[in-house]
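Engineer: For reference, the structure I am asking about is given below.
Quick note: the coordinates plus some simple rules give every number you see, no bench work behind them. It should be emphasised that the depicted structure is a prediction, and the values quoted were computed from it without experimental measurement. Neighbour counts are summed over all protein chains in view; Cβ atoms, including those assigned to glycine, are modelled from backbone coordinates with ideal geometry.
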Amino acid sequence: MKVAGLGQCSLDNLFIVDSFPVPDTKKEVIEWTIAGGGPAATALAALSRLGMDCSFYGITGDDEAGRKITDSLRLENIDISGLLKRHLSDSQVAFIAIEKKSGKRTIFWKRPSAEPLKLDELPDDFLDGTDFLLVDGLMAEASIYAAEKARAENIPVMLDAGRVRKGMIELAHLCDYVVGSEEFARELMNNGNSFEPEKTIMRMKSFGAKAVTITLGDKGSITASGNEVFQTPAFKVDVVDTTGAGDVFHGGYIYGLLQKWDIKNVVRFASAFAALKCKKLGGRAGIPTLEEVENLLTD
């Protein structure tokens, strides 16, 4: 099975501290790592480790971060012929501080200076042989074009909805599956502290997708499919770092759909897959094997 992903890739600098410092003080780092990141890119890394053939379409700059991003994807056996390098441009980078005791994060990030993918930079055959398309909406114009093309070719499409960005709602209406973060859900309803997952999931269902899911961190997730709405609890693990958990969740979700599992089993597998990732620092180091996920599911 082959999955294509279009969207964001970054270089993450992650470090653990015993507690977050107050301003104008120094803090020693307990552990530090540098790893590839980005929603679509990390979801593909997760799928590749589950045996899927994956291809990624996106951009980097011609800087050191861009070289490391490219190497990180190549190491995951992802086809990066669609990853374009922009001359005299900076890649996306992030600095992520994780508090050891709570696992809470503070993220500092810088968007790439490079231009997003242009429509004529996607080859006519970029979906040939593809069984599934994942978009994260970062490059709205290219994502909408890709989703429309996939729709015309009867290729299912998932939207990883992290934020309500420009073009995101239009894109959501073109997707078969919409899996959004709690942040996306709150922004969608613009209701802040009075957030109601059940009400929000029905708003998302009105986009026309076959199934929609809101991930709620340690509170699990809520899904609407057909006439049914159900909640899936989170699996309890010893959390080191939640960076990339949502991305790995999306990868597990797509894997389950490609296995033609019942939607409840799809979401449960994705939840276990994402939970196990959280046991290690970084978005990809903790991606579990299929056997490890199966063991957790049967415990």
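Engineer: Taking region 208-219 as the search range and keeping residues that are within 20 Å of the chain's Cα centre (by Cα) and surrounded by fewer than 19 Cβ atoms within 10 Å (Cβ to Cβ), which one is farthest from residue 96 (Cα to Cα)? Before you say what the answer is, go through the steps one by one.
Structural biologist: Going through region 208-219, the residues within 20 Å of the chain's Cα centre (by Cα) turn out to be 209-219.
Those left that are additionally surrounded by fewer than 19 Cβ atoms within 10 Å (Cβ to Cβ): 210, 216-219.
Values: 210: 34, 216: 20, 217: 17, 218: 19, 219: 22 Å.
For region 208-219, the residue satisfying everything is 210.
Engineer: Tell me, please, whether a residue that is surrounded by 21 or more Cβ atoms within 10 Å (Cβ to Cβ), closer than 19 Å to residue 277 by Cα and among the hydroxyl-bearing types (Ser, Thr, Tyr) can be found in region 90-101.
Structural biologist: First, the residues of region 90-101 that are surrounded by 21 or more Cβ atoms within 10 Å (Cβ to Cβ): 91-93, 96, 98.
In the following step, the residues that additionally are closer than 19 Å to residue 277 by Cα were identified as 96, 98.
The next check asks that each one be among the hydroxyl-bearing types (Ser, Thr, Tyr); those that pass are none.
Checked region 90-101: no residue is surrounded by 21 or more Cβ atoms within 10 Å (Cβ to Cβ), closer than 19 Å to residue 277 by Cα and among the hydroxyl-bearing types (Ser, Thr, Tyr).
Engineer: Output the residue which, of all residues in region 1-29 that are more than 30 Å from residue 149 (Cα to Cα) and hydrophobic (A, V, I, L, M, F, W, C), is surrounded by the fewest Cβ atoms within 10 Å (Cβ to Cβ).
Structural biologist: Filtering region 1-29 for residues more than 30 Å from residue 149 (Cα to Cα) gives 12-29.
Among the residues that remain, those that are also hydrophobic (A, V, I, L, M, F, W, C) are: 14-17, 20, 22, 29.
Working: 14: 25, 15: 18, 16: 18, 17: 17, 20: 13, 22: 7, 29: 11.
My answer is 22.
Engineer: Looking at region 247-268, which of its residues are surrounded by fewer than 24 Cβ atoms within 10 Å (Cβ to Cβ) and in a helix (DSSP H, G or I)?
Structural biologist: The initial filter retains those residues of region 247-268 that are surrounded by fewer than 24 Cβ atoms within 10 Å (Cβ to Cβ), namely 256-265, 268.
Scanning region 247-268 gives 256, 257, 258, 263, 264, 265, 268.
Engineer: Scan region 78-104 for residues that are farther than 21 Å from residue 280 by Cα and within 19 Å of the chain's Cα centre (by Cα) and jot them down. Give the derivation first.
Structural biologist: To start, the set of residues in region 78-104 that are farther than 21 Å from residue 280 by Cα comprises 78-92.
Selection gives 78, 79, 80, 82, 83, 91, 92.
Engineer: Further question: Looking at (1) closer than 20 Å to residue 278 by Cα; (2) surrounded by 24 or more Cβ atoms within 10 Å (Cβ to Cβ), which is the only condition residue 242 fails?
Structural biologist: (2)
Engineer: Then there's this: When residues of region 72-93 are filtered for being under 17 Å from residue 6 (Cβ atoms) and part of a strand (DSSP E or B), how many remain? Lay out the reasoning, then the answer.
Structural biologist: Pass one, region 72-93, residues under 17 Å from residue 6 (Cβ atoms): 73, 76, 78-86, 91-92.
Next, from what is left, pick out any that are part of a strand (DSSP E or B): 79-86.
Looking only at that region, the number is 8.
Engineer: Counting only residues that are among the hydrophobic types (A, V, I, L, M, F, W, C) and farther than 20 Å from residue 127 by Cβ, which one in region 46-78 is surrounded by the most Cβ atoms within 10 Å (Cβ to Cβ)? Steps first, please.
Structural biologist: Let us first name the residues in region 46-78 that are among the hydrophobic types (A, V, I, L, M, F, W, C), namely 46-47, 50, 52, 54, 56, 59, 65, 69, 73, 75, 78.
Right, trim to farther than 20 Å from residue 127 by Cβ and you get 46, 50, 65, 69, 75.
Values: 46: 28, 50: 21, 65: 24, 69: 31, 75: 12.
Ranking the candidates gives 69 first.
Engineer: Only strands (runs of 3 or more DSSP E) wholly contained in region 1-58 count here; list those with 3 or more residues that are aliphatic (A, V, I, L, M).
Structural biologist: 2-6, 10-17
Engineer: For residues in region 237-252 being touching a strand residue (DSSP E or B) at 6+ places or on another chain (Cβ under 7 Å) and small (Gly, Ala, Ser), which is nearest to residue 36 (Cα to Cα)?
Structural biologist: The extreme case among them is 244.
Engineer: Another question, if that's okay. Just to be sure I understand, how many residues within region 94-115 are under 13 Å from residue 59 (Cα atoms) and not in a loop (DSSP other than H, G, I, E, B)? Quick ask: steps written out before the conclusion?
Structural biologist: Looking only at region 94-115, we keep the residues that are under 13 Å from residue 59 (Cα atoms), and these are 111-115.
The next check asks that each one be not in a loop (DSSP other than H, G, I, E, B); those that pass are none.
Residues flagged as under 13 Å from residue 59 (Cα atoms) and not in a loop (DSSP other than H, G, I, E, B) within region 94-115 amount to 0.
Engineer: Scanning region 269-284 for residues that are part of a helix (DSSP H, G or I) and of a type in the set (A, V, I, L, M, F, W, C), which turns out farthest from residue 203 (Cα to Cα)? Before the answer, list the steps.
Structural biologist: Taking region 269-284 and keeping what is part of a helix (DSSP H, G or I), we get 269-277.
Now drop any that are not of a type in the set (A, V, I, L, M, F, W, C), which leaves 269-270, 272-276.
Details: 269: 25, 270: 23, 272: 26, 273: 27, 274: 25, 275: 27, 276: 30 Å.
Here the answer is 276.
Engineer: Just checking, how many residues over region 207-236 are farther than 22 Å from residue 171 by Cβ, among the β-branched types (Val, Ile, Thr) and either touching a strand residue (DSSP E or B) at 6+ places or on another chain (Cβ under 6 Å) or not in a strand (DSSP E or B) (or both)?
Structural biologist: Residues flagged as farther than 22 Å from residue 171 by Cβ, among the β-branched types (Val, Ile, Thr) and either touching a strand residue (DSSP E or B) at 6+ places or on another chain (Cβ under 6 Å) or not in a strand (DSSP E or B) (or both) within region 207-236 amount to 1.
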